[in-house]
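The values are calculated or read from the model by the stated rules, or taken from the named source; none is laboratory data. Since this is a predicted model, take the numbers as computed values, not measurements. Here the Cβ positions follow ideal geometry from the backbone for every residue, glycine too, while neighbour counts run over all protein chains shown. To get the accessible areas, we keep the full protein, side chains included, count just its heavy atoms, and leave off ligands, DNA and RNA. Shrake-Rupley method; radii C 1.70, N 1.55, O 1.52, S 1.80 Å.
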Amino acid sequence: MVASGDVAIERVKKLGVVSTNRVTVVHPDLVHDLQVRVRAIVLDGAPADGLTDELAMAVLAVELELTSVWSKEDRRTHKSALKAQAARFDAFVPGLRKALRDSYLASRAVGGGWSA
């Protein structure tokens with residue numbers, strides 16, 4: 001993504017001691033458009049044809065608790081629609097959603113994500 005110019009990475013120091021990477025999206029309008037397309041899969045209903053990138057992103061964003069796509073309130077409000085789309089996703093890729101969620105939760109539980 002850096003090579004294609006979609007994001008920029010800047011090395012900064014936190015508290016003058018710990019170096020971190022600050023990632024900046026170069027084209028935030030494209031990110032917003034993607035968020036709208038992903039949310040539309042759930043809010044407007046997914047097309048009946050196969051697995052789409054947007055369906056995968058919508059379902060995995062819920063599993064990984066990405067609040068930039070689905071806030072807690074959104075997940076609560078659209079719970080049944082999200083479950084329906086998760087079931088559609090599972091029909092195409094059985095087990096992936098659960099494995100990804102379990103992996104994410106396991107890494108998050110150890111040291112709040114600070115584990116190696």
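Look at the dipole of the chain built from charges on Cβ: of H32, A91, W70, the Cα furthest out on the positive end belongs to W70. H27 contributes about 80 Å² of solvent-accessible surface, heavy atoms of the protein only, 1.4 Å probe. Computed over the chain, relative contact order equals 17 percent, with contacts defined as Cα pairs under 8 Å that lie 6+ residues apart. For V7, the residues whose amide H sits under 5 Å from its own are V2, V26, ignoring neighbours fewer than 5 places away on the same chain, with H placed 1.01 Å from N. Which entry in (1) 32, 15, 10; (2) 29, 19, 13; (3) 37, 18, 9 matches semi-axes √(5λ) of the Cα gyration tensor in Å derived from the coordinates of this structure? Step by step, semi-axes √(5λ) of the Cα gyration tensor in Å for this structure corresponds to label (2).
Using a Förster radius of 30 Å, what is the FRET efficiency between L43 and S103 based on their Cβ-Cβ separation? Nearest 0.05, please. Taking R0 as 30 Å, the efficiency between L43 and S103 is 0.60. Highest GNM mean-square fluctuation, the chain, Cα pairs closer than 10 Å: which of S68, S19, S80? Result: S19 has the largest fluctuation of those listed. Rounded to the nearest 500, the helix-only mean residue ellipticity at 222 nm of the chain stands at -16500 deg cm²/dmol, with each DSSP H run of n ≥ 4 adding -39,500 (n - 2.57). Distance between the 7 Å Cα→Cβ label points at E73 and A87: 2.8 nm. Here the simple spin-label model places points 7 Å from the Cα toward Cβ, and for L30 and D6 these points are separated by 0.7 nm. Each of L82, N21, S4 was placed along the dipole of the chain (beta-carbon charges, centred on the mean Cα), and the one lying farthest toward the positive end is N21. Computed from point charges on the beta carbon alone (+1 for Lys and Arg, -1 for Asp and Glu), the dipole magnitude for the chain about its Cα centre is near 580 Debye. Protein-only accessible surface at a 1.4 angstrom probe places the residues E10, E73 in the order E73, E10, largest first. What FRET efficiency do you get for V17 and L64 if R0 is 35 Å and r is their Cβ-Cβ distance, rounded to the nearest 0.05? Efficiency computed from Cβ-Cβ geometry: 0.75.
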